[in-house]
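Worksheet for the structure shown next.
The values are calculated or read from the model by the stated rules, or taken from the named source; none is laboratory data. Remember, it's a predicted structure, so these values are computed and weren't measured experimentally. Cβ placement follows ideal geometry from the backbone for every residue including glycine, while neighbour counts extend to all protein chains displayed. SASA here: full protein model, heavy atoms, side chains in, ligands and nucleic acids out. Shrake-Rupley method; radii C 1.70, N 1.55, O 1.52, S 1.80 Å.
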Amino acid sequence: MNIKNLLAASVLCFSFLSCSLDGNDDNCYIEIYGEFSAVTAPATATVNTPVAIDTKVKIVNDCGDFKRFSESNSFPKIIKPVIDYRGCECVTKAETVTEVYTITFEEAGEYQLRFPSGSGNYISKNIVVTE
């Protein structure tokens, strides 16, 4: 690896995770994909009508906050929670937060949504969409 690639990789890494050298804990930050502990979704929906899906997102320490959902572009759609962890000294505690994922289907059909739940497993929800 040449020096330019090494420098670029270092800058990229530090843009996602950084800590203060002066001991100020306010500068530690990482953004990662989280996991779900539960998902509740309707079995049916109507075209062009928003569908609210209740999720329980796992947070592993007191520095973590839910930020947003990230989703794949194709079906089966994979939905991941994005978690912000801010702070260098965090207390480990398992908690869940309830967040609503909303999706609108533009065509009738059967759709599968997959929500990662850890260790390569998913909570899968099938929704039949009609006109």
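For segment 37-51, filtering for residues that are part of a loop (DSSP other than H, G, I, E, B) and either closer than 16 Å to Ser124 by Cβ or modelled with pLDDT under 95 (or both) leaves 3. Is it true that Asn61 is open to solvent by 70 Å² or more (accessible area, probe 1.4 Å) and not β-branched (Val, Ile, Thr)? Considered against the rule, which asks whether it is open to solvent by 70 Å² or more (accessible area, probe 1.4 Å) and not β-branched (Val, Ile, Thr), Asn61 comes out as no. Residues being out of contact with any strand residue (DSSP E or B) (no Cβ under 6 Å at 6 or more places or on another chain), among the small types (Gly, Ala, Ser) and open to solvent by 40 Å² or more (accessible area, probe 1.4 Å) are represented in segment 91-102 by at least one member.
Here is a yes/no grid of residues against (1) touching a Cys at 6+ places or on another chain (Cβ under 6 Å); (2) touching a residue at least 60 places away in the same chain (Cβ under 8 Å):
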| site | (1), (2) |
| --- | --- |
| Cys28 | yes, yes |
| Ile32 | no, no |
| Ala38 | no, yes |
| Thr46 | no, yes |
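Regarding Glu110, is this residue outside any strand (DSSP E or B), surrounded by fewer than 16 Cβ atoms within 10 Å (Cβ to Cβ) and either over 19 Å from the mean Cα position of the chain (by Cα) or among the acidic types (Asp, Glu) (or both)? Answer is no for this residue. For segment 25-36, check the following and say yes or no: at least one residue is at pLDDT below 95, open to solvent by 90 Å² or more (accessible area, probe 1.4 Å) and either farther than 19 Å from Ser117 by Cβ or part of a loop (DSSP other than H, G, I, E, B) (or both). Within segment 25-36, one or more residues are at pLDDT below 95, open to solvent by 90 Å² or more (accessible area, probe 1.4 Å) and either farther than 19 Å from Ser117 by Cβ or part of a loop (DSSP other than H, G, I, E, B) (or both). Filtered by the rule that a residue be modelled with pLDDT under 95 and either farther than 22 Å from Ser119 by Cβ or of a type in the set (D, E, K, R) (or both), segment 52-62 gives a lone residue, Asp62.
Of all the criteria given as (1) open to solvent by 40 Å² or more (accessible area, probe 1.4 Å); (2) not in a strand (DSSP E or B), the one not satisfied by Phe105 is (1).
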